[in-house]
Amino acid sequence: MRRITGWLVAAVMLLGAQLAWAAPYASYTFDFYGNAVPAPQAYTVQTIIDGTSLGTTPLREPRDLAVSPGGDIYIADTGNNRILRLSSSFELLQTIDGFWVEEDWQTFNAPVALYVTERGRLYIADRDNARLVELTAEGEFVRLIGPPKTDLAGTLPENFSYRPFKVAVDQGGRIYVLAEGIYEGLLEFDVDGNFRGFLGAPLVRPTILERFWARLATREQRKRMALFLPTEYTTVDLDERGFLYVAEFNEVRRLNPSGTDVLRRNGFFEPIGDVPTAPEYRSSKEIPSTSFVDIAARPDGLYSVLDRQRGRIFTYEGDGHLLYVFGGLGTTESTFRVPVALDVLGELILVADRGANRVIVFEPTIYAQLIHAAIREYQGGNYERSADLWTEVLRRNLNFDLAYTGIGRALLRQDRFAEAMANFRLGSNREQYSEAFGLYRREVMSENFGRVVSVLLVIAAAIWAWGRFRPRFGMAEAAAARYVSVRRPQGFWASLLYAKHVIFHPYDGFWDLKHEKRGTLSAALTFVGLVALTHVVMRQYTGFIFNPRDLSKLNVLVELLSVVVPFFLWAVVNWALTTLMDGKGTFRDIIIATAYALVPFVLINLPLTFVSNYLTMEEGTFYHFFRIAAVLWSGYLVLIGMAVTHDYETGKNFWTCLLTIVGIGVVLFIALLFVHVINVVVGFISSVYAELVLRL
């Protein structure tokens, strides 16, 4: 009984520990294909800061918070028009509800943004007073910075009302402000508070459809149209190197002092928050968009972004890889109602929740601490230690692609190329896999140089022998060709081999296919099968660097049908169309001509698929060149084949082929519409049947 009681107590304690770590939201990352992959929780709630915990009146709509280099925390309690100063242990040190300007006591009017410099100067965006307030760390007045002023007409909008809502200050004392109604980017003030202009204006990206309608519209309609204005930045922060991090909706930028975006985007997806290609969003009728409301630059090149739309915090490393996601909306203690701002204190993350009038403090789990330590060790040059830490991360999350990349990077630094390649492949990192493969290939070639030279010499000798003795065989081949040329009908193998003449002498070849019966239907169908097989082989066996497809979801039958169905749709639609346009070709002639025209697709892509496994990304130009050449060559042969088969001139043949493609689209649309109608009818009959059964 004592043993049983002990086991029960231990089980209850473990269950309590699990419940303590549990969170009412899921943590995840995204894989290479945009799928949301479950991950361990990276952060859990440590404490909650509100009026009760601070021993003061309740907070009212806190809008921002900032952490000083010394660890003091400042909260913009906007609804109460005050600033709360807390210690690093979350104890209230000071309430700043105003300041003396000489003998005049002034108060705040909607302080919505805070920033603390390395010198300990506190900057406050006093929005409704249209000014910036600079105070010391203890709240002593330093100066006021009013609205921007300039002598250049048109620099600022007409009837401009200055309402600053974000502020940041770099190491040189330059001040960057975001203000409502400003689309030109950041307002830049010099160290003396003088307005110097705008920095890093967001780009205008009208859609193709908007551009099209704008060109068709009249002058009056254009006046009534919405202007192609850039979107406003929603937040700004500075990293330890003085670069500006800004965000607009679901886009993050890193601006250098000249305003150029230098953010690295080497992850699977750009840092846009939730990826809309994930199945959970593809299946929904309306894809919800991420809306970034604040950003915090962190040590070691990390940055965290707060999504107001779903209350999630996305953290990325310097190259743009997503590290982890946590947080969510709700009414529990560990979820947000209206999250508006975040900042970091060491590895703690503080989030201001305007809807719940509180600040939630999150602390990292061991999982997040291992990720941070692995990145830190790698940047410090401790590659073996970094690899060990990434291995510990994988023990907790085998789905974390960046961990495999981290191990691969460390192995690559140690010249262990084959092992690095294996890890880069597991991490779907094609760029660095290519780098490791290039080094590994060079290593293998240097070790086997003698054998390679011997093989090349044998090949050269074989080519020389073939050139030496070929004329003797050429006479026999010519006699056989003459014999075959008068022999009718052609056999299967002869029809297959005649494809060589067709692809290099298309006009003569297609004429012979139709009028001299040099091609057979069985040979044509064989070529169609080879094209379909080549397509499947390309999908499955193209080299890892050039094959971004998810092979686990490859359906061979679907891939085969994706070639066979369009081929026969082309033949049917082209035959139906040319019948009405005085075409001379039969349905059989169209199938044979089109099939023979696709032979270059097989001849080029089959060996190219094999070669792609031995090319690096830098050599991909040759790979893509030959792939495009195969398509263009086959397309050129199809055009000539249709012209010869139907006895068309060039212009008529071109428009006929174009109308054939349009006709294929119409046929597919009608087929899909028919299937949809059948599904609706079947659903209606099923519901009527179910209703009758239930009522009877």
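The values are calculated or read from the model by the stated rules, or taken from the named source; none is laboratory data. Only a predicted model underlies this, so the values are computations on that prediction, with no experimental measurement involved. Methodologically, a virtual Cβ is constructed for each residue, glycine included, from the backbone with ideal geometry; neighbour enumeration extends over all protein chains shown. Please note that ligands, DNA and RNA were not included when accessible areas were found on the heavy atoms of the full protein model with its side chains. Shrake-Rupley method; radii C 1.70, N 1.55, O 1.52, S 1.80 Å.
Summary of values
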| item | result |
| --- | --- |
| Rounded tilt (10° steps) of 521-541 against the dominant C-alpha axis of the chain | 30 |
| Region 335-451 - percent relative contact order, Cα under 8 Å, separation 6 or more | 13 |
| Cβ-Cβ FRET estimate between Val455 and Leu551, R0 fixed at 22 Å, reported to 0.05 | 0.10 |
| Spin-label model distance (nm) - Arg385 vs Asn448, 7 Å beyond Cα toward Cβ | 3.9 |
| Where GluC sites (Glu not before Pro) in DSSP loops with at most 15 other Cβ within 10 Å are excluded, longest remaining stretch of the chain | 348-515 |
| Per residue value of the accessible surface for the chain (all protein chains in place, 1.4 Å probe), Å² | 54 |
| With Cα atoms, 0 to 90° folded angle of helix 599-611 axis to the chain main axis | 50 |
| Neighbour net charge for Phe544 - beta-carbon separation under 9 angstrom, K R +1, D E -1 | +2 |
| Cβ-Cβ FRET estimate between Glu649 and Glu619, R0 fixed at 35 Å, reported to 0.05 | 0.25 |
| In sequence order, calculated HN-Hα J values of region 87-95 (Karplus, 6.51, -1.76, 1.60; Hz; x Gly/Pro) | 7, 5, 9, 6, 9, 5, 9, 7, 10 |
| Packing-based order for 626-634, 588-596, 302-310, using average beta carbon neighbours within 10 Å, highest first | 588-596, 302-310, 626-634 |
| Backbone HN-Hα couplings from phi across region 550-559 [Karplus 6.51/-1.76/1.60, Hz, Gly and Pro as x] | 7, 5, 5, 9, 6, 10, 4, 4, 5, 5 |
| Cβ-based net charge around Leu329, under 15 Å, with every Lys or Arg adding one and every Asp or Glu removing one | +2 |
| Linear extension gain, Thr47 paired with Asp415, 0.36 nm per residue minus alpha-carbon span | 127.9 nm |
| Per-pair calculated FRET efficiency, R0 = 51 Å: Phe669 and Lys584 via Cβ, rounded to 0.05 | 0.95 |
| Mean ellipticity per residue at 222 nm, deg cm²/dmol - from DSSP H runs of n ≥ 4 across the chain, formula -39500 (n - 2.57) | -15000 deg cm²/dmol |
| Helix axis angle, 449-486 relative to the chain longest principal axis, alpha carbon, degrees | 40 |
| Computed magnitude of the charge dipole of the chain (debye, nearest 20; Cβ of K, R +1, Cβ of D, E -1) | 3700 |
| Area accessible to solvent at His321, 1.4 Å probe radius, in Å² | 20 |
| Length-normalised contact order of the chain in % [C-alpha pairs under 8 Å, at least 6 apart] | 9 |
| Two-site label geometry, Glu91 and Trp511: point separation in nm, points 7 Å out along Cα→Cβ | 10.1 |
| Residue-by-residue Karplus 3J(HN,Hα) for region 42-48, coefficients 6.51, -1.76, 1.60, Hz, glycine and proline x | 8, 9, 10, 6, 9, 7, 10 |
| Given charges at Cβ of Lys, Arg, Asp, Glu: the chain dipole, positive-most of Ser612, Ala42, Asn429 | Ser612 |
| Cα Rg, Dmax, region 106-187, angstrom units | 12.9, 40 |
| Per-selection metrics, the chain (Cα): Rg and Dmax in Å | 34.6, 116 |
| Potential extension, His676-Asp319 segment - 0.36 nm per residue separation minus Cα distance | 124.0 nm |
| Mean-position separation - Cα centroids, region 487-534 and region 574-620, in angstrom | 13 |
| In the chain, lysine pairs with alpha-carbon atoms under 26 angstrom apart (chain gap of 8 or more, or interchain) | 10 |
